[in-house]
Every structure is written in C-alpha cells, then in structure tokens.
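Data first, discussion second: the structure below is written as structure tokens.
Read-outs: derived from the displayed coordinates by stated rules, not from any lab. Predicted model, so just to flag it, every value in this text is computed and none were measured. Backbone-built Cβ (ideal geometry, glycine too); neighbour counts: all protein chains shown.
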C-alpha cells in the first residue's frame, strides 16, 4: 500500500458529512462533551474514491461483539464493535456492532482516526431531547468547518495531517 493512498485516506471528511452526539455530561446535565462522527457511508465512499474496487470487508462473530476484517490492497486490519446501549442490544445490535467495528478497522488505516483526536468541546445539552441544543450544533459546525478549511489548506501545502489544529 502506498503512502499516497494512506495520505488520501487520512483526509478529513467534508463538514457536510459530520454529525455530533453527546458524550459525558456535567453534573447538572446542562453541558455535554461533543463527539464528532461520520456516518458509515462516508467511510465507504472514501474507500471507493481512494481504492476503487481494491478493498473488501468480512465480519466474524465474537460473543456479543463483531470483528471486522478490512482489506485494502492486500493488507488486512481488524477491529471489534459492540452494542453501546441496551436499546442497541435489543433493536439494532448487529448493525451497530458492524458499523462500529468497520469504522474502527478503517481507523487502523488512518481513515477517520482524526475524529478521535479533535479537541474536546463542552456545549449546551438539551436534557428534554437528550441531545445537543441547536445553538451547540451551530457552534460545532462552525468550529469544524474552520478547522477543516485550515487542515485542507495545510495538506495542499504538503503538511502532514495529524488531526490537531493550532489554536
């Protein structure tokens, strides 16, 4: 596998493909840690774009977990996924496990890994809806769009992508 392919896989996802979900909550549940994520299809689209038909995936059961084996250009990396919540265990356990395992296996090739390295941001949490407030989403979308523009510019100048912004 070439360094060029690995660099293409490391490119950040366009802001339109990023969503946000709440992580840890403050004691008063007024704020939460915002966690960025991309839908499974963003990962698949990037693999298609960079690797064409030269990638494949298989899954193996492992108790309640699933192991994803992702092969790119003859190189295989594997990772696991498990249901995150009770509702996932009862409703969509297989789908959630596969998606999580797939994204984690992709991270083994650098794809989407930067999402784990983005700076932690605490934002307003709407307890009645169990999610981020609209103001928080707007704030996060703006921050990510600015980070994305800087990162793409640095990459165009030949700077390596390490997922961190210079703030």
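General observations
- Relative contact order %, the chain, counting alpha carbon pairs below 8 Å whose residues are six or more apart: 25 percent
- Separation of alpha-carbon centers, region 1-59 and region 118-152, rounded to whole Å: 16 Å
- Ranked by the mean number of other Cβ atoms within 10 Å of their residues, highest first, the peptides 146-154, 24-32 come out as 146-154, 24-32.
- Rounded to the nearest 0.05, the FRET efficiency derived from the C-beta distance between residue 5 and residue 137 at R0 = 35 Å is 0.60.
- When P(r) over Cα pairs in 10 Å bins from 0, in percent is calculated for this entry, the matching label among [x] 12, 43, 38, 7, 0; [y] 9, 29, 23, 10, 7, 7, 6, 5, 3, 1, 0; [z] 10, 33, 35, 19, 3, 0 is [z].
- Cα gyration tensor category, rounded, prolate or oblate, for region 17-111 with a/c compared to 1.5: oblate
- Cα gyration tensor shape of region 1-67, rounded if a/c is under 1.5, else prolate or oblate by comparing a/b with b/c: oblate
- Between 128, 78, 60, the GNM of the chain built on Cα springs shorter than 10 angstrom shows 128 fluctuating the most.
- Spin-label zone in region 102-141 - amide nitrogen under 19 Å from a point set 7 Å from the Cα of residue 153 along the C-beta vector: 119, 141
- CD proxy at 222 nm, helix term only [per DSSP H run n ≥ 4: -39500 (n - 2.57); per residue of the chain; nearest 500]: -11500 deg cm²/dmol
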